[in-house]
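Trainee: Structure incoming, see below.
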Amino acid sequence: MNLEDELRTLGRSMEVPPVDSELTAAVLARVAGVPVRRRLRDRWRAFVAGLCVLLAGLALTPPVRATVAEWLRIGGVQAVPGGAAPRSAPPVPSVSGQLSLEEAARVAGFTPALPKDLGAPSAVDASPGFVAMSWGGLRLEQFRSGISPLYLKQHYDALEYIEAVNGYWFSTPHELLLVNTQVLRIAGPTLVWERTGTTFRLEGADKQRATQVAAGTS
């Protein structure tokens, strides 16, 4: 027997004194006098207020935010936990393009941000809405955050919220799927953050260095 059945049985077995008929009529009249629309509006306001409190709590609690991000979008990246994480990752793929920053901006349709302490990138490539740069073994990608995710990150062991850049650190190797082409590779530790409608993916640095680079990217 479930809880609902138990409560129903308990209600039938309880002895309740008779209720005055005038009181019953008054209560029914009062309930009937409240328009349905008003009651629905009150319930909706209560729901919205509760939701605001919940969201405020999430915003103030980084560990909770990291947990939520495990199954929500991070800009143009969808994070999906579960499954066995890869034990290792190959070297970070370098960018092969030799575009100038001006050419990359024209192709991508936006001006790419640059890390202030890395100097000029050794390679730059671009496609509509997307720019990739590399500095040796360091790879930075930036792309517009659209309705659908560009990347799917899955099978990772840990996801940490980095408050300094409002981003998330994937500390272990994981699968990285380019959604529109279904190209899959194993990525190493990566920092992902979003700023003013653009998603950034930085791969090839440790957490401290990645955070410094992200903080200086503008």
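Trainee: If only one of Leu202, Leu140 is among the aliphatic types (A, V, I, L, M) and under 21 Å from Pro81 (Cα atoms), which one is it? If you could, list the steps in order and put the result at the bottom.
Mentor: Values: Leu140 fails: under 21 Å from Pro81 (Cα atoms).
Criteria check complete, one pass: Leu202.
Trainee: Taking the criterion of being modelled with pLDDT under 95 and aromatic (Phe, Trp, Tyr), would at least one residue in segment 137-160 satisfy it?
Mentor: Yes; the residues of segment 137-160 include at least one that is modelled with pLDDT under 95 and aromatic (Phe, Trp, Tyr).
Trainee: Sticking with this structure for a sec: Please tell me if Ala113 is closer than 19 Å to Leu99 by Cα, free of Cβ contacts under 8 Å to residues at least 12 places away in the same chain, surrounded by fewer than 21 Cβ atoms within 10 Å (Cβ to Cβ) and small (Gly, Ala, Ser). Please lay out each step first, then the result.
Mentor: On the way: closer than 19 Å to Leu99 by Cα: yes; free of Cβ contacts under 8 Å to residues at least 12 places away in the same chain: no; surrounded by fewer than 21 Cβ atoms within 10 Å (Cβ to Cβ): yes; small (Gly, Ala, Ser): yes.
Taking the combined requirement at face value, the residue does not satisfy it.
Trainee: Answer yes if at least one residue in segment 56-75 is closer than 20 Å to Leu177 by Cβ, loosely packed, with under 13 Cβ neighbours inside 10 Å and at pLDDT below 90, and no otherwise. Give the steps one after another, and end with the answer.
Mentor: Narrowing segment 56-75 to residues closer than 20 Å to Leu177 by Cβ: 69-75.
Among the residues that remain, those that are also loosely packed, with under 13 Cβ neighbours inside 10 Å are: 71-72.
Add one more test, that the residue is at pLDDT below 90, and what stays is 71-72.
Checked against the condition, which is being closer than 20 Å to Leu177 by Cβ, loosely packed, with under 13 Cβ neighbours inside 10 Å and at pLDDT below 90, segment 56-75 yields at least one hit.
Trainee: Mind listing just one residue for me: the one in segment 157-186 that is part of a loop (DSSP other than H, G, I, E, B) and within 15 Å of the chain's Cα centre (by Cα) and, of those, nearest to Thr198 (Cα to Cα)?
Mentor: Asn166
Trainee: If you take the residues in segment 161-218 that are of a type in the set (Asp, Glu) and touching a residue at least 24 places away in the same chain (Cβ under 8 Å), which one is surrounded by the most Cβ atoms within 10 Å (Cβ to Cβ)?
Mentor: Glu203
The values are calculated or read from the model by the stated rules, or taken from the named source; none is laboratory data. These numbers were taken from a predicted model, which means no experiment stands behind them. FYI the Cβ positions are ideal-geometry reconstructions off the backbone, even for glycines, and counts take in every protein chain you see.
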